[in-house]
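Encoded as structure tokens, the structure appears first; notes follow it.
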Amino acid sequence: MRTLCASTLIGEFFVIGFAGLVAMKSDISMATVWTVCGVGMLLSVLLCGMISRPGGVQLGWALQIALIVSGFVVPTMFVLGALFAGLWWASVHYGRKIDEAKARWAAEAG
């Protein structure tokens, strides 16, 4: 699960950065856009290192909720946050299934 969730977070990092570039062309100030997007990008990268620690998945959910809520400041983040939350759910769900299969294969081999 760790690899799948970390890959999702890195993907979010890049998409948030590109969304920030697009949002700068709107009437929202550059400082506001980069405050919202910069914090989201920073938290995504920091969470990659914490994903295997206790509470890492819950912090990931907190980040996804924060990204949705940040849509009140940068409206494009509503859509991105919702997409990221769905992607996060898939990463956690299928990551656990992959971990279970790997453990089962290791038990059968050993």
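The values are calculated or read from the model by the stated rules, or taken from the named source; none is laboratory data. What you are looking at is a predicted structure, and each value in this text was computed from that prediction instead of being measured. Please note: Cβ atoms are built from the backbone with ideal geometry, for glycine as well, and neighbour counts cover all protein chains shown. For accessibility, only protein heavy atoms count, side chains too; no ligands or nucleic acids. Shrake-Rupley method; radii C 1.70, N 1.55, O 1.52, S 1.80 Å.
Results, tabulated for the structure shown:
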{"read-out": "Any pair with Cβ under 7 angstrom, 6 or more apart, that starts in the range 59-75 at a residue that is under 16 Å from Cys48 (Cβ atoms) and ends at one that is outside any helix (DSSP H, G or I)", "value": "Gly60/Ile51"}
{"read-out": "Residue check for Leu9: open to solvent by less than 10 Å² (accessible area, probe 1.4 Å) and aliphatic (A, V, I, L, M)", "value": "yes"}
{"read-out": "Total residues in the range 37-50, condition open to solvent by 30 Å² or more (accessible area, probe 1.4 Å) and within 17 Å of Phe78 (Cβ to Cβ)", "value": "1"}
{"read-out": "Leading residue by the ranking (nearest to Ala101 (Cα to Cα)) among those in the range 1-19 that are in contact (Cβ under 8 Å) with a residue 60 or more places away in the chain and touching a helix residue (DSSP H, G or I) at 6+ places or on another chain (Cβ under 6 Å)", "value": "Met1"}
{"read-out": "Conditions (1) in contact (Cβ under 8 Å) with a residue 60 or more places away in the chain; (2) open to solvent by 70 Å² or more (accessible area, probe 1.4 Å); number of the one not met by Val22", "value": "(1)"}
